[in-house]
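Each value in this text was obtained by applying a stated rule to the coordinates, not by laboratory testing. All values derive from a computational prediction rather than experimental measurement. All Cβ positions, glycine included, derive from the backbone under ideal geometry; neighbour counts span all protein chains shown.
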Amino acid sequence: MILRKYFIPFEKITYQTKLDPEEVIYRINKITVPEYGIRRSKLSDRRNNIIYEGSVIGNEFSIIRMMKNNNSSSPRIDGTVEENFGVTEIKIKISPDPMELIITLLWCGLFAFGFYPFFISNLLKDFFDSTVWQPFAILLISYGIIIGSFKSNYKLSKKQLSKLFEAEIKNKIR
């Protein structure tokens, strides 16, 4: 739980809009194409204002933003549309794509596994060699790049959804 809370970015957001639930679902369907397994990003879809791929089933949706370049840090957006006392609420959870998480954790784990013997051997020596920290710095920098890329795409998706739903954010949970 601590790993997910502090090291894996995700956020739960509740939007409130005056649109009815059917209109919200219609707008999501209008900008979404079915998921084809291998992520694609066609300029023709972008010209037709199709910016997400995924599925909409009933009042639930699961979408990923498409991009021109092959960027694997697109956030997965899972949501439900509900009506409460005449106000439509869209509850979404924005998180990294599960495949991206698996690859990132595997890569960081293998890198740390390779770094560990050098670190232990350096601790057993009489003098401390500062070059042993270079792989650790590379690991931290790459993690920072991955998280930074996800955060920038996350902010863009959050802004697009707010505009699409003509909604305001009611609350956020990290």
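Annotation: for a label point projected 7 angstrom from Cα along Cα→Cβ of Ile103, no residues of region 152-167 have a backbone N closer than 13 Å.
Each peptide in 148-155, 133-140 receives the mean, over its residues, of other Cβ atoms within 10 Å, and ordering these scores from highest gives 148-155, 133-140.
So for each of 73-79, 84-90 I average, over its residues, the number of other beta carbons within 10 Å; can you give me the resulting order with the highest mean first? Can you show the working numbers first?
Numbers: 73-79: 21.6, 84-90: 13.9.
Those peptides, ordered most packed to least, come out 73-79, 84-90.
Just to verify a number: FRET efficiency for Lys159 and Phe136, C-beta to C-beta distance, R0 = 30 Å, to 0.05?
On the way: r = 35 Å, r/R0 = 1.17.
Step by step, r from the Cβ atoms, then E = 0.30.
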